[in-house]
Amino acid sequence: MFELDQAVDAWCRSIHTSAYNRNERLEELKDHLYCVVERFRTEGLSEQQAFSKATEHMGDVGMLAIEHAKNKSLRFKFCQTEENLEKWRDSTSPKSAAAMNIFISVACAIGILFSTWILEHSSYAEYAQTVMYLLIAVWFVPFSYLSAIANKERKHKKATSC
Amino acid sequence: MTMSKDLIAASATPLILSILSHGDGYGYDIIQKVHTLSDGEMQWADGMLYPILHRLEKKELVESYWGTAESGRKRKYYRLRQSGLKELKAQQKNWHNLHTWLQQLEGGAVCSN
């Protein structure tokens with residue numbers, strides 16, 4: 001048995017994972033979808049047919065995601081960069097991926113050590129160790145957090161595309 | 001005759017701003033107005049309108065507020081801001097110039113050096 005409300009909700013949520021990141025945008029999209037469904041219903045279509053035609057009218061989900069990507073927040077853009085990096089890792093040889101990982105880690109480590117060394121040779125030497133710990137935290141904590149979000153979104157996308 | 005995607009994309013902003021200059025509107029209503037105005041020639045994918053509206057809102061050319069539709073559903077309305085009206089005037093001037101140049105070329109007014 002076709003349930004219009006469930007279908008509208010599921011369709012909007014499938015867009016939500018790939019593009020929308022705010023509930024109010026989801027509400028706006030739902031209102032639009034209901035308006036189009038109502039129009040097709042007045043033309044004599046069944047709920048299911050009207051819904052199917054309405055989603056066609058909304059456009060290709062992939063194209064919508066590209067359009068919405070232009071409006072995304074910095075956090076979302078970071079997740080996408082992270083995802084692209086992951087795709088690159090998947091498509092490239094394990095050796096190159098490992099080399100890239102090592103390069104990024106070494107570059108960050110050099111940056112942290114260099115900043116600490118500069119501090120040690122300045123009048124703020126007593127803060128050098130604290131700053132080093134802070135920089136490690138700054139490097140590690142947000143990147144782990146954002147990577148976790150990117151992973152979560154990737155898993156969600158895989159689940160909805162199946 | 002169907003219009004090219006590039007032309008549809010380029011004309012979307014002035015059309016939206018122009019429609020909103022006649023009064024507040026919501027997504028579906030804007031799409032219907034464009035459809036009626038162009039006699040069905042302007043084929044917008046409905047979902048494409050919202051990223052454009054959100055960008056216009058981000059640029060502070062339009063502002064939005066929530067209302068309630070007759071059906072009782074929550075509905076987001078858009079209103080043109082002063083900066084939006086200014087932008088509309090500038091875009092109208094550009095399109096008018098382009099139209100004039102094309103007409104001049106059609107009439108054979110091509111400068112030959």
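For region B:55-77, does any single residue satisfy the condition of being aliphatic (A, V, I, L, M), within 20 Å of A:C35 (Cα to Cα) and part of a loop (DSSP other than H, G, I, E, B)? Yes: one or more hits. The residue that is nearest to A:A10 (Cα to Cα), among those in region A:54-65 that are at pLDDT below 85 and either out of contact with any Pro (no Cβ under 9 Å at 6 or more places or on another chain) or exposed (fewer than 12 other Cβ atoms within 10 Å of the Cβ) (or both), is A:V61. If you check A:I118, A:I110 for being at pLDDT below 90, closer than 23 Å to A:W139 by Cα, surrounded by 12 or more Cβ atoms within 10 Å (Cβ to Cβ) and in the same structural domain as A:A137 (by TED's automatic domain parsing), only one passes: A:I118. Among the residues of region A:38-53, none qualifies, meaning not one is in a loop (DSSP other than H, G, I, E, B) and modelled with pLDDT under 90.
When B:L105, B:L53, B:L20 are checked against the criterion of being surrounded by 18 or more Cβ atoms within 10 Å (Cβ to Cβ), modelled with pLDDT of 90 or more and away from every other protein chain (no Cβ under 11 Å), a single residue qualifies: B:L20.
A:A128 meets the conditions (1) surrounded by 13 or more Cβ atoms within 10 Å (Cβ to Cβ); (2) at pLDDT below 70 in every case but one. The failed one is (2).
Out of region B:58-89, which residues are free of Cβ contacts under 8 Å to residues at least 12 places away in the same chain and either polar (S, T, N, Q) or exposed (fewer than 10 other Cβ atoms within 10 Å of the Cβ) (or both)? Once the filter is applied, which keeps residues that are free of Cβ contacts under 8 Å to residues at least 12 places away in the same chain and either polar (S, T, N, Q) or exposed (fewer than 10 other Cβ atoms within 10 Å of the Cβ) (or both), region B:58-89 yields B:T68, B:E70, B:S71, B:G72, B:Q82. Scanning region A:19-45 for residues that are over 18 Å from B:I31 (Cβ atoms) and without any contact (Cβ under 8 Å) to a residue 24 or more places away in the chain, we see that the one that is farthest from the other protein chains (Cβ to nearest Cβ) is A:G44. Looking across region B:56-67, just one residue is modelled with pLDDT under 95 and more than 13 Å from chain A (Cβ to nearest Cβ), and that is B:E60. For region B:5-25, the criterion of being in contact with a strand residue (DSSP E or B) (Cβ under 7 Å, 6 or more places away or on another chain), of a type outside the set (A, V, I, L, M, F, W, C) and over 18 Å from A:C35 (Cβ atoms) is satisfied by at least one residue. The single condition from (1) within 14 Å of the chain's Cα centre (by Cα); (2) within 14 Å of another protein chain (Cβ to nearest Cβ); (3) not hydrophobic (A, V, I, L, M, F, W, C) that B:R73 fails is (1). Against the list (1) within 14 Å of chain A (Cβ to nearest Cβ); (2) crowded, with 17+ Cβ neighbours inside 10 Å, the condition B:Q43 fails is (2).
The values are calculated or read from the model by the stated rules, or taken from the named source; none is laboratory data. Computed from a predicted model, the values in this text were never measured in an experiment. Virtual Cβ from ideal backbone geometry, glycine too; neighbours counted across all protein chains shown.
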